[in-house]
Amino acid sequence: MTPISRRATLRLGGGALAALALPGCAGPGPPYPVTPVTDVLLDAHSHLFNGQDLPVTKFITQVVLGGTSGGRCELPATAGKRQNIEDPTLFERLVELMVDWLLQGTPTAAVERDRLQRDRITTVTSETARVTRVTRKKLAAFLDTPAIGALRDTDTRLRQALLDEVRTSARNGNLTPRSARQAAADILRSSGRFGTFLRWIGLFFRSRQSLAQELVTASRSWGREPLMLVPLMVDYAHWLGETTRDCSSFYDQIEVWGALSRRSPIPVHGMVPFDPLRSVFWTTGRHTRFPETTEFDPLDLAERALGDHGFLGLKLYPPMGFSATGNLAADSAYRPEIIRALGLPQNRLGAELDRAMARAFDFCVQRDAPMIAHANNSVASGSGYGRRAEPRYWIDALRRWPTLRLCLAHGGGFCWRQTGAASGVAEDRASWEWAIGAYVRGAPASHLYMDISYFSDVMGQKDRLDWISRQLRDWIATCDPEARHLVFGTDWVMLGREPGYERYGLTVQAFLTDRIGLSADQLDRVMWGNAMRFLGLDQGARSRERLLAFYGNRRPAWTRRTPP
C-alpha cells in the first residue's frame, strides 16, 4: 500500500476537496436543517456508487422498483411493510430515459481516479448543476415531442403524468418550447412523486466525490461530525445477467475509492463486494459468461482492496438469490439462465455456493476483517429470494466461525417471522430481529451486530412507530441491555427516495432517545462506538493496524477515540 503524508493531505485540503471538511459547501440541494455540531457519528452503511459502477437500469427497475419480497408482513397489521412506489411501469420508463440522457456524462471510476490523482476535484455544486442542466433540457424535449413507436402509449401516459404533477395541461399533446422548458423546471422542483424520484435518480449520475461531500454536509446538519464514511460496493452482475461492460470495472472502483481515501479529510473506507455466484463461476472455470469483460476471483479483488486501497471488509447481498449457509440443492431454486450459463452437473449449484461462502468466512476470520450483509426480506431479485437473507443462516455460520465480525443490515422493523419458529413463540417475539437478539443474549461478547440503516419506519405512521418502539425497547432490555450490538447507518444514497430523508439523522436520534429511552452513552454506542468495534477500529484490532499503515503519518480523529 502507498501511504499519503499529512503534508499532502493538508495541501489537498486547501483545494476543492476541502468541501468534505467545511460546512455549507454543498450548494443547491435539499434544505438540510441547521444544527450545532456537538458530537460525532460513524456511518457504517452508505452507498456512494454511481450509474457507471453497476448495471444501473436493471438495478433500479428490477431490484429497487421491482424488487420482490416474501409476501405480506406476517406480524400484526401495524407492522405491515412499506408499499412500493406507485405505477412502476411509468417509473421504469423514466429510469430508462434518465440513463439514456445522463450516463454518457457520468464519470467512470477510472476517469474519476485519474482526476483525483491530478488533484482535480468535483463538488456537489458543480455536479448537481451539470445533472440538473442536462435533465431539464432533455425533459423539456421529451414533454414537447409527440410519442412514437413501440413506447408510444407508455410515453404518452408518462408525459401526461408529469404535466399533471405540476398542474399544467397540454393541448393536443403539444407544448410550446417555452412552456416545455418551464414545465421541466417545475417538475424538477416538485415535491410530488415524480419530482422527488427524478432528483433521487439524478444522484446516480454524479461523481462519487460529490456524493460523499453531500453525506458529510447532511451528517453535520444532524449535529454530528462524521468520523468515517463506509461506502458499500455491490456486485449483482451474475444474478441480473448483465455486467457494467464498458463502464467501471471492479478493480477501477476499488482504485477510485483508494484515491479518495488517501485525499479526503473525512476518512472514507469501503466494503468490497463478495458475490458467491461470481466465485462459483470463477472456481469452476466458467470465465466467459460476459466475454466483453475480464472475469476475476472476488477474493482476489478483496485482497487488493484491503491491502492496497484502504478497504475494511466484505459486503454481501443474499436477496440476489443465495443464503449464508444451507444453500438449496435443487437447481430449480435458482434462475434457469444461471444454471444454463454455469453448465454444471445437475443440482450442484447449492453446494458450490456453500463452498464459496466458506471461502469468504475463512478470508474474513483469517484477516479479522468485518463482513456486512443485507438481512431484510426486501428488494430481492426473485420471488422468495428475500427470505434467503434470514438471520438463522448467518447464526449457523457464526457457530462455525464464532470470531467473525458480522453486521446484519436493515434491522429494527420487527416485521418478518422466522422460518420454522416454534409454535410456542409469541408472534411479537418471532421476528428476524429476535433471532439476532437470542444469539447476542447468549454471546454478549460476540461481534454480531444489527444495523438500523434505512430506518424509514421512524418517519412513518403512528401505529407502526408505536409497534417498533415497543419491540425495540423490549429487544434491548432482553437481549442487549447496554446497547452494544446496534449500529447506525444511513443507506445513503438509497435513502434519498424517502420523504424527509434530509432530517434522517435527527429523526433517528430523537426516536432512540425519546421513544426508546437510550442514555447518552447508549446513544453514542449506536451512533459510532459499536461501529468502531464491528469494523475493528478499536485498540489492538488488525483492521486498525491496516488503516494506520495506510495513513502513513496521518492520524484522523477516529484514531483518538475510544468506544464508550
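The values are calculated or read from the model by the stated rules, or taken from the named source; none is laboratory data. Note that the structure is a prediction, hence the values are computed from the model and not measured. In this analysis, Cβ positions are derived from the backbone assuming ideal geometry, glycine residues included, and neighbour counts consider all displayed protein chains.
Contact map, segment 89-118: first residue closer than 11 Å to Asn50 by Cα, second residue among the acidic types (Asp, Glu), Cβ cut-off under 8 Å, separation 6 or more or different chains; pairs are Thr108/Asp252; Ala109/Asp53; Ala109/Asp252; Ala109/Glu255. In the condition set (1) touching a residue at least 60 places away in the same chain (Cβ under 8 Å); (2) assigned by TED's automatic domain parsing to the domain that holds Val487; (3) among the small types (Gly, Ala, Ser), Gly270 is compliant with all but (1).
Evaluated against (1) surrounded by fewer than 19 Cβ atoms within 10 Å (Cβ to Cβ); (2) under 24 Å from the mean Cα position of the chain (by Cα); (3) not in a loop (DSSP other than H, G, I, E, B), Ala305 falls short on exactly one condition, (1).
Please indicate, with yes or no, whether at least one residue in segment 446-453 is part of a helix (DSSP H, G or I) and without any contact (Cβ under 8 Å) to a residue 60 or more places away in the chain. No - not one qualifying residue is present in segment 446-453. Under the condition of being of a type in the set (Gly, Ala, Ser) and assigned to a helix (DSSP H, G or I), the residues counted in segment 498-525 number 3. Of all residues assigned to segment 494-513, at least one qualifies as being more than 27 Å from Leu406 (Cβ to Cβ) and hydrophobic (A, V, I, L, M, F, W, C). Taking the residues in segment 449-463 that are charged (D, E, K, R) and touching a helix residue (DSSP H, G or I) at 6+ places or on another chain (Cβ under 7 Å) as candidates, determine which candidate is surrounded by the fewest Cβ atoms within 10 Å (Cβ to Cβ). Going through the qualifying residues, I end up with Asp463. Close contacts from segment 331-349, counting a first residue that is crowded, with 17+ Cβ neighbours inside 10 Å and a second that is assigned to a loop (DSSP other than H, G, I, E, B) and of a type in the set (Phe, Trp, Tyr), with Cβ to Cβ under 8 Å and a gap of 6+ residues or different chains, come to Leu349/Tyr334. The number of residues in segment 474-490 that are within 15 Å of Ala443 (Cα to Cα), assigned to a loop (DSSP other than H, G, I, E, B) and in contact (Cβ under 8 Å) with a residue 12 or more places away in the chain comes to 5.
A quick yes/no check of all residues on (1) among the acidic types (Asp, Glu); (2) within 26 Å of Phe281 (Cβ to Cβ); (3) assigned by TED's automatic domain parsing to the domain that holds Leu465:
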position: Arg355; (1), (2), (3): no, yes, yes
position: Asp362; (1), (2), (3): yes, yes, yes
position: Pro391; (1), (2), (3): no, no, yes
position: Ala397; (1), (2), (3): no, yes, yes
position: Leu404; (1), (2), (3): no, yes, yes
position: Ser431; (1), (2), (3): no, no, yes
position: Tyr439; (1), (2), (3): no, no, yes
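Going by what's in this entry, would Tyr251 be described as closer than 19 Å to Gly51 by Cα, aromatic (Phe, Trp, Tyr) and at pLDDT 95 or above? Answer is yes for this residue. Residues in segment 358-399 that are free of Cβ contacts under 8 Å to residues at least 40 places away in the same chain and either touching a Leu at 6+ places or on another chain (Cβ under 9 Å) or not hydrophobic (A, V, I, L, M, F, W, C) (or both): Asp362, Val365, Gln366, Arg399. Just the residues that are under 23 Å from the mean Cα position of the chain (by Cα), at pLDDT 90 or above and over 16 Å from Phe414 (Cβ atoms), please, taken from segment 459-496. Arg484, Val487, Phe488, Gly489, Thr490, Asp491, Trp492, Val493, Met494, Leu495, listed by residue number. Taking every residue in segment 279-298 that is outside any loop (DSSP other than H, G, I, E, B) and pairing it with any residue that is among the small types (Gly, Ala, Ser), at least 6 positions away or on another chain, the pairs with Cβ-Cβ distances below 8 Å are Ser279/Ala356; Ser279/Ala360; Val280/Ala356; Phe281/Ala341; Thr283/Ala356; Pro298/Ser279. The residue that is farthest from Asn327 (Cα to Cα), among those in segment 237-280 that are surrounded by 24 or more Cβ atoms within 10 Å (Cβ to Cβ) and aromatic (Phe, Trp, Tyr), is Trp257. The residues of segment 133-157 that are out of contact with any helix residue (DSSP H, G or I) (no Cβ under 9 Å at 6 or more places or on another chain) and within 14 Å of Met98 (Cα to Cα) amount to a single one, Arg133. Taking the conditions (1) out of contact with any Phe, Trp or Tyr (no Cβ under 8 Å at 6 or more places or on another chain); (2) at pLDDT 95 or above; (3) surrounded by fewer than 23 Cβ atoms within 10 Å (Cβ to Cβ) in turn, Pro499 satisfies each one other than (2).
Filter segment 50-73 for residues that are modelled with pLDDT under 55 and buried (at least 18 other Cβ atoms within 10 Å of the Cβ); which is farthest from Arg199 (Cα to Cα)? Selected residue: Gly70. Annotation: of all residues in segment 257-278 being part of a loop (DSSP other than H, G, I, E, B) and modelled with pLDDT of 95 or more, the one that is farthest from Ala356 (Cα to Cα) is Ile266.
Among residues of segment 434-477 being out of contact with any strand residue (DSSP E or B) (no Cβ under 6 Å at 6 or more places or on another chain) and among the acidic types (Asp, Glu), the one that is farthest from Pro499 (Cα to Cα) is Asp474.
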